[in-house]
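See below for the structure under consideration.
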Amino acid sequence: MGYSFEDVMKYIEEEDVKFIRLAFRDAFGVQKNISVMPGEMKKAFEDGAPVNVGEIEGFSESPHAVLFLKPDPDTMAILPWRPDSGKVLRMFCGVYTPDGQEYEADTRAILKAAVKEAEDAGIAFRFGNETEFYLFKKDEEGNPTKIPYDNAGYMDIAPLDKCENVRREIDLAIERMGLTPERSHHERGPGQNEIDFHYAKPLKAADQMTTFKMVVSTLADRYGLVSDFSPMPLEGQPGNGYHINIYATDKDGNDVALYAAAGIMEKTREITLFLNPMEVSYSRLGNNMAPDKVNWSSTGRSELMYIESRKGRTRVVLRSPDASSNPYLVYALLIRAGLYGIAHKLSLPDEASGEEIRLPGSKKEAISVAAKSDFVRANVPESILEAYRKH
């Protein structure tokens with residue numbers, strides 16, 4: 001949209017905004033923020049708002065004790081659950097060094113660079129998110145439990161589905177923040193839900209995933225519940241997946257998603273550490289239809305990729321990631337792997353045949369594979385790779 005500083009300040013005045021949350025993310029995609037008053041915005045736009053990064057995952061190795069947040073005006077959104085008088089505005093920020101350079105461990109900047117590389121190659125990527133999460137009750141003292149909010153199953157309706165009202169509030173809040181939820185429903189696990197988004201440009205798709213997790217957490221709390229996006233919240237129940245829909249076209253509008261899919265498949269083992277960053281992530285893979293092999297299918301439900309071609313457009317669904325991953329880093333790696341496949345016009349292997357290569361079976365194995373990968377070394381800063389090794 002290209003909003004200017006003047007546009008932002010006019011909006012702040014017209015909407016009676018009293019606080020601005022300047023949001024950024026750590027190496028794992030966890031949202032962080034500082035709050036400033038409207039009078040600090042000129043300084044934030046021109047010089048950046050200073051933050052001490054010593055305790056931020058992936059930033060602690062920075063030679064600079066203080067980095068600076070510069071807001072992206074196109075991401076401004078009112079937090080709809082805050083008071084109408086004295087509103088709170090949220091803006092995502094880039095992270096900069098004292099000399100004005102983008103900080104290497106800022107994963108939003110890493111994604112922007114990948115998008116620029118794709119644009120220079122004449123390739124446009126779009127991503128859509130399909131994310132699962134559980135809703136659990138709190139105890140009498142307000143502490144989280146592992147007691148599901150209901151015992152409903154896949155696509156059940158009320159009254160079995162007690163989560164319906166929460167999902168509706170989440171959808172409405174997200175919509176008021178300028179995002180576009182596509183559909184929502186109860187998932188297979190007790191208290192488990194899924195909300196999906198229309199496909200969007202990579203940066204917007206990553207921003208909406210970050211916004212989505214914040215909204216779910218906030219509104220669940222307002223209902224006296226706690227949300228859980230972790231890969232395996234309940235033993236013996238379905239895990240939480242983060243399925244990513246991938247579309248790719250060249251400058252003439254030609255569909256190149258199959259080439260991109262082949263590139264992603266070739267690099268998947270190398271980047272699994274970033275798609276599945278927790279030890280428990282590997283308990284999910286291979287269970288309850290979550291993939292554990294490098295394969296694809298046009299019909300199945302448990303392969304790494306589901307590939308659908310309709311009306312001249314190919315949709316690639318990557319099914320291995322979970323929501324403990326950082327969407328900015330994940331999308332950057334998928335773009336770079338996709339570009340590799342497109343540039344080399346790679347072909348997909350035969351459709352799922354039972355002879356497939358397996359994904360890493362543990363975080364230790366995923367770390368080992370990533371550490372040996374030239375592709376990872378070329379696309380992931382050492383400070384981030386080290387954070388993932390230690391986490």
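The values are calculated or read from the model by the stated rules, or taken from the named source; none is laboratory data. Predicted, not measured: the structure shown is a model, and the values here were computed from it. Cβ coordinates were reconstructed from backbone atoms using ideal geometry, including for glycine residues, and neighbour counts include every protein chain displayed. Only protein heavy atoms, including side chains, enter the accessible area calculation; ligands, DNA and RNA are left aside. Shrake-Rupley method; radii C 1.70, N 1.55, O 1.52, S 1.80 Å.
For residues in the range 173-199 being at pLDDT below 95 and among the hydrophobic types (A, V, I, L, M, F, W, C), which is nearest to TYR247 (Cα to Cα)? Looking at residues that are at pLDDT below 95 and among the hydrophobic types (A, V, I, L, M, F, W, C), I get PHE197.
Results for (1) outside any strand (DSSP E or B); (2) of a type in the set (Val, Ile, Thr); (3) in contact with a helix residue (DSSP H, G or I) (Cβ under 7 Å, 6 or more places away or on another chain), shown as yes or no for each residue.
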site: ARG90; (1), (2), (3): no, no, no
site: CYS93; (1), (2), (3): no, no, no
site: GLY100; (1), (2), (3): yes, no, no
site: TYR134; (1), (2), (3): no, no, no
site: ILE147; (1), (2), (3): no, yes, no
site: ARG168; (1), (2), (3): yes, no, no
site: ALA173; (1), (2), (3): yes, no, yes
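Yes or no, residue by residue, for (1) in contact with a Leu (Cβ under 9 Å, 6 or more places away or on another chain); (2) more than 24 Å from MET289 (Cα to Cα); (3) of a type in the set (Asp, Glu); (4) open to solvent by 70 Å² or more (accessible area, probe 1.4 Å):
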site	(1), (2), (3), (4)
TYR154	no, no, no, yes
ASP171	no, yes, yes, no
ARG183	no, no, no, yes
ASP196	no, no, yes, no
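The residues listed here are ARG82, ARG90; of these, the one that is over 15 Å from LYS43 (Cα atoms), free of Cβ contacts under 8 Å to residues at least 12 places away in the same chain and not hydrophobic (A, V, I, L, M, F, W, C) is ARG82. Residues that are under 17 Å from the mean Cα position of the chain (by Cα) and at pLDDT 95 or above do not occur anywhere in the range 290-308. SER297 - would you say it is touching a residue at least 60 places away in the same chain (Cβ under 8 Å) and over 21 Å from ASP250 (Cβ atoms)? Answer is no for this residue.
Return yes when TYR282 is closer than 22 Å to LYS146 by Cβ, out of contact with any Leu (no Cβ under 8 Å at 6 or more places or on another chain) and not in a loop (DSSP other than H, G, I, E, B) and no when it is not. Against the criterion (closer than 22 Å to LYS146 by Cβ, out of contact with any Leu (no Cβ under 8 Å at 6 or more places or on another chain) and not in a loop (DSSP other than H, G, I, E, B)), TYR282 qualifies. The one condition from (1) touching a Phe, Trp or Tyr at 6+ places or on another chain (Cβ under 6 Å); (2) open to solvent by less than 40 Å² (accessible area, probe 1.4 Å); (3) over 18 Å from ASN326 (Cβ atoms); (4) not charged (D, E, K, R) that TYR96 does not meet is (2).
LEU111 meets each of the listed conditions (1) modelled with pLDDT under 95; (2) more than 14 Å from LYS32 (Cβ to Cβ); (3) not small (Gly, Ala, Ser) apart from (1).
Among the residues of the range 73-88, those that are closer than 24 Å to ILE56 by Cβ and assigned to a strand (DSSP E or B) comprise ALA77, VAL88. Pairing residues of the range 1-13 that are in contact (Cβ under 8 Å) with a residue 60 or more places away in the chain with residues that are open to solvent by less than 60 Å² (accessible area, probe 1.4 Å) and among the aromatic types (Phe, Trp, Tyr), at Cβ distances under 7 Å and at least 6 apart in sequence or on separate chains, gives PHE5/PHE45. Criterion applied to GLU351, GLU386, GLU356 was being in contact with a Lys or Arg (Cβ under 9 Å, 6 or more places away or on another chain) and of a type outside the set (Phe, Trp, Tyr), and the one residue passing it is GLU356.
For the range 184-212, residues that are part of a strand (DSSP E or B), within 18 Å of GLU132 (Cβ to Cβ) and either among the hydroxyl-bearing types (Ser, Thr, Tyr) or touching a Phe, Trp or Tyr at 6+ places or on another chain (Cβ under 9 Å) (or both) total 8.
Which residues, counting only those in the range 323-341, are open to solvent by 10 Å² or more (accessible area, probe 1.4 Å) and more than 13 Å from ALA114 (Cβ to Cβ)?
Across the range 323-341, the qualifying residue is only SER324.
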